[in-house]
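All remarks here apply to the structure that follows.
Coordinate-derived values only; no laboratory data. Source: prediction; values computed, not measured.
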Amino acid sequence: MATIAVIDYDAGNLHSACKGLEAAGASPQVTDAVADLEKADAIVLPGVGSWDPTVQGIRSRGLEAPIKRAIAAGKPFLGICMGLQVLFDASEEGQEPGLGIVPGTVRRFRPEPGITIPHMGWNRLTLNQPDCPLWQGIPEQSWMYFVHSYYVDPVNPQVRSATITHGTQTVTAAIATGNLMAVQFHPEKSSDAGMHLLANFVQWVNARQAVAV
């Protein structure tokens with residue numbers, strides 16, 4: 001069973017993320033200890049809330065460098081919601097610099113008639129990378145659950161793994177590049193499709209461990 005370190009920086013959805021990973025067959029470990037991140041088979045960075053407190057919470061615990069080392073070393077990594085956004089350089093929501101792992105900016109939805117901000121509720125995914133491990137067995141146009149006012153805008157469009165449309169705006173819903181994957185929606189709140197995604201991540205981690213052994 002894969003041991004997955006779930007990073008604790010006072011985010012609000014640790015319990016639901018862990019429950020989802022447990023149901024997917026993993027052994028999640030909520031931690032802010034660098035040694036635990038180094039020993040884990042994979043890392044999940046969850047998050048709800050706003051930009052500056054999230055980045056400050058990560059940095060105040062000395063976790064920025066260990067996160068970057070783990071990703072650079074090829075350890076499987078899954079970001080969820082704010083755990084996606086903080087991977088980028090900067091956000092229109094706050095003043096703090098992001099982790100700068102993925103070049104790009106986090107932007108606010110443009111107001112337009114007929115849409116709500118925050119974007120809250122279910123939306124259909126368009127899969128840009130259908131071969132990505134996260135999407136195996138998940139059909140095109142599957143519904144996922146979102147709660148956000150900001151979206152990531154990567155410099156390199158090739159890292160976009162899935163998109164959604166809100167009003168007239170088509171924005172990034174997930175990224176994937178090598179061992180780094182992250183989603184804007186909440187898979188643990190996205191019914192069967194979200195649980196399937198978490199199971200895909202866990203299976204991918206297990207497969208990599210089997211090859212390494």
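Mind listing the phi-derived Karplus ³J(HN,Hα) values for the range 130-141, rounded to whole Hz, using 6.51, -1.76 and 1.60 with θ = phi - 60°, and x for any glycine or proline?
x, 8, 4, x, 5, 9, 4, x, 9, x, 3, 6
What is the P(r) of the chain, as percent of Cα-Cα pairs per 5 Å bin from 0?
Whole-percent P(r) values from 0 Å outward: 1, 7, 17, 21, 22, 18, 9, 3, 1, 0, 0, 0.
In a GNM of the chain with a 10 Å cut-off on Cα contacts, which of Pro28, Pro139, Pro76 has the highest mean-square fluctuation?
In this elastic network of the chain, the residue with the biggest mean-square fluctuation among Pro28, Pro139, Pro76 is Pro139.
What ³J(HN,Hα) values, in whole Hz, does the Karplus curve 6.51 cos²θ - 1.76 cosθ + 1.60 give for the range 160-172 when θ = phi - 60°, with x put for Gly and Pro?
5, 8, 7, 10, 9, 10, 10, x, 9, 9, 9, 10, 6
How many percent of DSSP beta bridges within the range 55-213 run antiparallel, rounded to 5?
For the range 55-213, the DSSP antiparallel bridge percentage is about 75.
Averaging sequence separations of C-alpha pairs under 8 Å and six or more residues apart, then dividing by the length of the range 3-212, give the relative contact order as a whole percent.
20 percent
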